[in-house]
1. Residues in the range 31-47, backbone N under 14 Å from the label point at D18 (7 Å along the Cα-to-beta-carbon vector): list them, ranges by number please.
2. Could you work out Rg/(2.2 N^0.38 Å) for the range 2-125, with Rg from alpha carbons only?
3. Residue by residue, what Karplus-based ³J(HN,Hα) values in Hz, rounded to whole numbers, does the range 98-107 have, using 6.51, -1.76 and 1.60 with θ = phi - 60° and x for Gly and Pro?
4. Please list, ordered by chain and number, the residues whose modelled amide H lies under 5 Å from the amide H of V229; skip anything fewer than 5 residues away on the same chain.
5. Can you tell me the length gained on complete extension of the stretch L7 to K209, counting 0.36 nm per residue apart and subtracting the Cα distance?
6. Provide the net charge surrounding P188, with neighbours chosen by a C-beta distance below 12 Å and charges set as Lys +1, Arg +1, Asp -1, Glu -1.
7. Any idea how far apart K65 and F105 come out in nm if each label point goes 7 Å out from Cα toward Cβ?
8. Need the list of lysines near K153 for cross-linking: C-alpha distance under 18 angstrom, and skip anything on the same chain fewer than eight residues off.
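None of the figures in this text is laboratory data; all of them are computed from the coordinates on show. Remember, predicted model here, so these are calculated numbers, not experimental data. Please note: Cβ atoms are built from the backbone with ideal geometry, for glycine as well, and neighbour counts cover all protein chains shown.
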Amino acid sequence: MHGITHLSVIPVRKDPTDQSEMVTQLLFGDAFKVVEQKGNWHRIVNAFDYYEGWIDSKQYLPVSKTTFDLLQQYPAPVSTELFQVITAIKSDDSFPIVLGSSLPFLKDEKCQIENKIYAFDGSVRAFEEQPNRNNVVETAMLFLNTPYLWGGKTLLGIDCSGFTQLVFKANGIRLLRDAWQQAEIGEPYSFVEEAQAGDLAFFDNEEGKIIHVGILIGDNKIIHASGCVRIDPFDHFGIFSQERGGYTHNLRVIKNTKAFTDDL
């Protein structure tokens, strides 16, 4: 069984109950497999990042395996608008979607989920387009002052790895969901001075576990979600908070994702 999100954003929970912790969110157009059912709750695997969790079965549209497979073969363009209204043509219902939302089978400013057709005239980015570092930094800056929200992936609330994933997704780069998963891709730098704007910096705790991630923006600064999306000084020790007068995050590694055209 397969599905696609047809609402602006829906919560994905750790357990099959409304009171359970939100571990991530699905945005409009996200496709997934349903792997288990408990009453009105379905456990899903997100096709984009393979993340698992429980969603309310009333919050998505079932789709055929053929449709699901086509979307894996031909990834949907992604909205690069912070907010943009989308309209269901037959019902004339309109609602906002957020940056990073997918637009399945987009053509002539219309996308389609099975028999439902939606009009969308905002800016999009195709996954075939090659990303560059400046665009990643520009996208990241759009989220400044967005409040921190565990499991969040929108301008209204976002966590550290949701922030990096969403920024990179809007630039045609696929990242996994959690910081420790993102830390497994790319090539590490030997020295901080080698790093460039758009690289990912990862931070660990006293046990050596990766617990935080941010995006370098140049001039020894980093943009990251901690309390809110913010810019802080950065060096080989980690992130320095001028407000607290000390380091708040211990640097573990900086990775080059090897995804940018500027590096080719």
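1. What the label zone holds, given the 14 Å backbone N cut-off, is 40-41.
2. Relative to the rule-of-thumb radius for its length, the range 2-125 sits at 1.01.
3. With coefficients 6.51, -1.76 and 1.60, one gets 10, 4, x, 5, 9, 10, x, 6, 5, 7 Hz.
4. Distant-sequence amide H within range of V229: N145, T146, Y148.
5. Taking L7 through K209 to full extension adds about 69.3 nm, to one decimal.
6. -1
7. 1.9 nm
8. Cα-Cα hits under 18 Å: K14, K169.
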